[in-house]
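Here is the structure we will look at.
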Amino acid sequence: YFFPNASAIPPSLLPNFTSGSPWDVFHNFTGCHAGEKRDGLNKLKKYFHYFGYIPDGSPNNLTDDFDDSLEAAIKTYQRNFNLDPTGQLDEATMKQIVKPRCGNPDIVNGTTSMSSGKTTSSLFHTVGH
Amino acid sequence: YTFFPGTPRWPEDRRDLTYAFLPGNNLPETAKAAFTRAFQRWAEVTPLTFTETSSYGAADIRIGFFSGDHGDGEAFDGVLGTLAHAFSPPNGMFHLDRDENWMVEGDVTQASVSTTVDLESVAVHEIGHLLGLGHSSVEESIMYPTISSRTRKVDLAADDVQGIQILYGSNPNSNGSSTSESATQERESSDG
């Protein structure tokens, strides 16, 4: 749907105008911490896997456990986005996670240079992109 | 700024790049103009030029809007979530999520629909990928991975310019005044 300007199309005429982000459900995990098991947490892990923060294994094998791999992924994510690297799903981190974003991953092979400033080489992406 | 693994870039004999829109999308001229403005922002700081062509198959950069699974293994997810993705040089594929509510001109911060996304802002970011830049942690930079809905962010930051000029050098016709810090107009929306 292309809007020619800010008020050209009444919201009521847009089929998707009430739809939120597919990641809005992640807000339910705010405050979830290491050692917990929460229904649907594997979807958050898939998010981190998709963007390169959980590099190993198939996304279909991810569990609902808040395990070490998830905690490490959150810490790296927090560093990349200039957040306090606590490894916890605090409100600031969750607010960042659910923002719309580019589909290209931030990390490949578990290594990121995103937060390290001025590098000339980056293990950033797979062959596909 | 960061680069893709191996620091791929368009070869030296390909500085005048062409781009084309997927014919089946039938984009309005206002949408095409948003892409033209986005390309121009990168052209101002590099020796690269960008020219639209009607020959989709022969274009260096091929732009298409798709829904869901569109065959490259990176399915889109409907409104918001992932907005677009682009491939490293010299692949040239630039895909956008057809299900987004895209604004092509005007003040996106005043959009009545909370899920409205500024097309030019996303295009400037993805063109950075098409030219060889990865994501940046500098929040003001174009190559920062996230952008809220109803937000406009189109000006290259110093971080973006430094990165792209390592790959291609500067625009020989520029007096250097085109580099500007990113100016972002942001209105907090329900999604973040």
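The values are calculated or read from the model by the stated rules, or taken from the named source; none is laboratory data. None of the values given here were measured: they were computed from a predicted structure. When we count neighbours, we look across all protein chains shown, and the Cβ atoms used for this are built from the backbone with ideal geometry, even at glycine.
General remarks:
- Residue match in segment B:107-127 (condition: free of Cβ contacts under 8 Å to residues at least 40 places away in the same chain, of a type in the set (A, V, I, L, M, F, W, C), surrounded by fewer than 24 Cβ atoms within 10 Å (Cβ to Cβ) and in a strand (DSSP E or B)): no
- Meets criteria (facing chain A (nearest Cβ under 7 Å) and either under 16 Å from residue B:4 (Cα atoms) or not hydroxyl-bearing (Ser, Thr, Tyr) (or both)) for residue B:113: yes
- Residue in segment B:46-55 that is closer than 16 Å to residue B:94 by Cβ, surrounded by 15 or more Cβ atoms within 10 Å (Cβ to Cβ) and within 14 Å of chain A (Cβ to nearest Cβ) present: no
- In segment B:8-41, of all residues being touching a Gly at 6+ places or on another chain (Cβ under 7 Å) and over 22 Å from residue B:99 (Cβ atoms), the one that is modelled with the highest pLDDT corresponds to B:9.
- On the stretch given as segment A:52-74, residues that are assigned to a helix (DSSP H, G or I), of a type outside the set (Gly, Ala, Ser) and closer than 17 Å to residue A:26 by Cβ total 4.
- Just so you know, in segment A:80-94 the residues that are in contact with a Ser or Thr (Cβ under 9 Å, 6 or more places away or on another chain) and either at the interface with another protein chain (Cβ under 8 Å from one of its Cβ atoms) or within 15 Å of residue A:54 (Cα to Cα) (or both) include one that is surrounded by the fewest Cβ atoms within 10 Å (Cβ to Cβ), and it is A:82.
- Evaluation of residue B:79 against (1) farther than 24 Å from residue A:52 by Cα; (2) surrounded by 23 or more Cβ atoms within 10 Å (Cβ to Cβ); (3) facing another protein chain (nearest Cβ under 8 Å) (one fails), failing number: (1)
- Answer from B:161, B:154 - the residue that is buried (at least 16 other Cβ atoms within 10 Å of the Cβ), more than 29 Å from residue B:112 (Cβ to Cβ) and either at pLDDT 95 or above or of a type in the set (Asp, Glu) (or both): B:161
- Pick from segment B:19-37, criterion away from chain A (no Cβ under 14 Å) and within 15 Å of the chain's Cα centre (by Cα), ranking: surrounded by the most Cβ atoms within 10 Å (Cβ to Cβ): B:19
- Positions within segment A:42-63 being surrounded by fewer than 16 Cβ atoms within 10 Å (Cβ to Cβ) and either free of Cβ contacts under 8 Å to residues at least 40 places away in the same chain or farther than 18 Å from residue A:103 by Cα (or both), in sequence order: A:46, A:56, A:57, A:58, A:59, A:60, A:61, A:63
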